[in-house]
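Reviewing the structure listed below.
The values are calculated or read from the model by the stated rules, or taken from the named source; none is laboratory data. This is a predicted model, so every value here is computed, not measured. Here Cβ is always computed from backbone atoms with ideal geometry, including for glycine, and neighbour counts include all displayed protein chains. The accessibility values were calculated without ligands, DNA or RNA, using every heavy atom of the protein model including side chains. Shrake-Rupley method; radii C 1.70, N 1.55, O 1.52, S 1.80 Å.
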Amino acid sequence: MLTALTGVHGDRADAVTVAGRTASYEELLGAARHVAADLADSGTPAFAVTATASLETVAAVVGGLLAGVPCVPLPPDAGPAERGHILRDSGARLLDVDFARRSDRTPATSTAADHPALILYTSGTTGAPKGVVLSGAAISADLDALAEAWQWSAEDTLVHGLPLFHVHGLVLGVLGALRTGSRLVHTGRPTPEAYAAAGGSLYFGVPTVWSRIAREPDAAAALSGARLLVSGSAALPAPVFRDIERASGHRIVERYGMTETLITVSGRAGGDLRPGTVGTPLPGISTRVAAEDGADIGELQLTGPTLFSGYLGRPEATAAAYTQDGWFRTGDIAAVDEQDGVHRIVGRASTDMIKSGGYRIGAGEVENALLDHPRVREAAVVGVPDADLGQRIVAFVVAEGVAGAELTDFVAAHLSVHKRPREVRFVEAIPRNAMGKPQKRLLLDGATPEAPLTPPTRPAG
């Protein structure tokens, strides 16, 4: 998996930079070997590391791969309850890493390709986080497929500032660089200023990052010299796609994946990139849409070599994640263009598929329409129970100087009338997780049919 560390791509003095600290491949490998020796000597079956944006985190993960011991990255901001649950559930030993301590001894291992490499904890809609077991074979297959799709090579400099306890920041953003041999610059925090100053050829970001860059035209223009901009982990709003294109000349590549599947669908470098779409399946991946009653949208299901090995210690949950004929159930609602096979993700089945008045409506389509309004900064659309319609469309909006009725009419003019929000509720912010995904259930917890349609009292600006 670690092609760059075998010397194939040489030993760059500035191979890996994280939050302003730089290391060569040789220095990284020395620190990782010390971690690997520690793990081998202790005989631990798994280890955890507080996954800060640091060279220590990178060395820990690489050390685990060298030793054949799965790593459990802990969110740095995890509270005591979440942290305790992850450590108990995984049985992992918490490891402190000193990057200054180096070793030239690599433990002799004969780890099979399907051996666990990472255990990433992901929260579902209910219950405690589950450990997603990812093998080295799945990770390698995914990174090679993405390298082909994005023309990603050792000539690139990858820039991002994403958390190192998620697939996006850790698997793609660290292990991807170490497999392709591309130079890595992790900015510590994904600010527009940091991205603009990094001078990369390949940039990774989540929609929140790209939205902030779009609001800083100078920062967006500074990315014009890049080769490829990539967005994932949540749907990229169409207005942000267009703003980045106007400022930088780049049409952002969107890709789709989950912790359990890694990245399975993506746009291609040099391909036809359209806002609101996530491209076509990667090599080796097969997808299908399980639609109901002749509908053109339904649950996205898939198979392929990048899928997880299962939920740690939860065989029932693992079995429930698959259909009877062995396809993984993503829980996401998608549509596929019949002509070119391009996928469009509508949203989560649990919160984003709205059945109102006999129609099936994807929340993402309504959200994009709202975000096209010049006064709207953020939008999250949900369906709430309704005695007449089954569900009615409710939009939570961050906006100034606009009334709910105007937004309802705006959507009706852009989409079918039945897709308009029946209620618009103004909020200070849309709650999001570390990867920028809207936490709609937090909004739903406070959703009541009697909520007033009150426009903001702040002045327009």
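Checked against (1) under 21 Å from ARG101 (Cβ atoms); (2) open to solvent by less than 40 Å² (accessible area, probe 1.4 Å), GLY84 meets all criteria but (1). Within region 403-414, the residues that satisfy the criterion of being hydrophobic (A, V, I, L, M, F, W, C) and either crowded, with 20+ Cβ neighbours inside 10 Å or at pLDDT 90 or above (or both) are ALA403, ALA405, LEU407, PHE410, VAL411.
Residue-wise test of (1) outside any strand (DSSP E or B); (2) touching a Phe, Trp or Tyr at 6+ places or on another chain (Cβ under 6 Å); (3) at positive phi; (4) among the aromatic types (Phe, Trp, Tyr).
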| site | (1), (2), (3), (4) |
| --- | --- |
| GLY341 | yes, no, yes, no |
| THR351 | yes, no, no, no |
| ILE354 | no, no, no, no |
| ALA380 | no, yes, no, no |
| VAL384 | no, no, no, no |
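Of the numbered criteria (1) part of a helix (DSSP H, G or I); (2) surrounded by 23 or more Cβ atoms within 10 Å (Cβ to Cβ), the one VAL159 fails is (1).
So which residues in region 12-24 are assigned to a strand (DSSP E or B) and crowded, with 19+ Cβ neighbours inside 10 Å, if there are any at all?
Listed by number, the residues that qualify are VAL16, THR17, VAL18, ALA23.
Any residue at all in region 25-48 that's within 16 Å of PHE165 (Cα to Cα) and either of a type in the set (Phe, Trp, Tyr) or surrounded by fewer than 18 Cβ atoms within 10 Å (Cβ to Cβ) (or both)? Yes, region 25-48 has at least one match. Pairs are defined by a Cβ separation below 7 Å, a sequence spacing of at least 6 or placement on different chains, a first member in region 225-240 that is modelled with pLDDT under 85, and a second member that is assigned to a strand (DSSP E or B); the pairs so defined are ALA235/ILE345.
Residue by residue, here is whether (1) more than 17 Å from the chain's Cα centre (by Cα); (2) of a type outside the set (Val, Ile, Thr); (3) on the phi < 0 side of the Ramachandran plot; (4) surrounded by fewer than 18 Cβ atoms within 10 Å (Cβ to Cβ) holds:
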site: PHE99; (1), (2), (3), (4): yes, yes, yes, no
site: ASP104; (1), (2), (3), (4): yes, yes, yes, yes
site: LEU120; (1), (2), (3), (4): no, yes, yes, no
site: ALA149; (1), (2), (3), (4): yes, yes, yes, no
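Considering only residues in region 376-402 that are surrounded by fewer than 24 Cβ atoms within 10 Å (Cβ to Cβ) and small (Gly, Ala, Ser), the one that is farthest from TYR359 (Cα to Cα) turns out to be GLY401.
Which residue out of GLY279, GLY270 is out of contact with any helix residue (DSSP H, G or I) (no Cβ under 7 Å at 6 or more places or on another chain) and open to solvent by 40 Å² or more (accessible area, probe 1.4 Å)? Reasoning before the result, please.
Details: GLY279 fails: open to solvent by 40 Å² or more (accessible area, probe 1.4 Å).
Criteria check complete, one pass: GLY270.
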